[in-house]
């Protein structure tokens with residue numbers, strides 16, 4: 001009888017000790033950029049499917065958690081966070097934004113976005129800061145000398161006149177080929193004046209109306 005009572009007493013002590021090691025843990029999860037509470041963050045006990053999600057205020061509560069428990073916080077667009085509970089009863093978490101490396105996208109003349117590797121021709125990109133620093137009178141003069149294989153000049157030398165553009169050399173008999181220029185899906189005319197038909201007049205082109213500082 002005494003042995004049974006001793007065994008029962010020992011069992012109860014073990015259970016009490018075990019419950020004493022567990023506690024309820026609550027907390028709040030924020031975004032690292034603006035300290036806005038994050039709704040719907042998954043909070044799991046590592047290695048298990050036991051957990052919860054944050055409410056509309058970014059708060060969560062987990063009952064019966066041991067001090068050695070590792071909590072895993074995961075949320076789309078943010079870095080996963082792991083933290084040991086320890087002696088904490090209230091935990092504040094600030095999740096870092098995850099910046100994914102995005103493959104470069106090229107917008108074609110027709111306004112269609114394509115991955116650069118999917119295009120069968122070469123492309124060049126000129127930063128807007130370069131155009132602003134050039135302080136050229138028009139956008140075409142601003143990109144002169146900024147792209148390999150592209151020659152830009154003004155045949156008549158008149159300020160405000162049309163601009164001659166040659167990409168990788170002349171490829172027709174008349175040597176008067178001009179590239180198609182598209183701005184915001186609108187084709188822009190760049191006819192090199194009327195000097196080539198004997199009138200000696202160059203009225204410029206629609207490209208001159210584009211401000212290089214815009």
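Just so it is clear, none of the values below were taken in a lab; they were calculated from the coordinates. No experiment lies behind these values; they were computed from the predicted model shown. Methodologically, a virtual Cβ is constructed for each residue, glycine included, from the backbone with ideal geometry; neighbour enumeration extends over all protein chains shown.
Before moving on, here are some points about what is shown:
- Counting every other Cβ atom within 10 Å of each residue's Cβ, 164, 94 order from fewest to most as 94, 164.
- Sorted fewest first by neighbouring Cβ atoms within 10 angstrom, 32, 184 come out as 184, 32.
- Sequence of 34, 55, 127 once ranked by neighbouring C-beta atoms within 10 Å, starting from the fewest: 34, 127, 55
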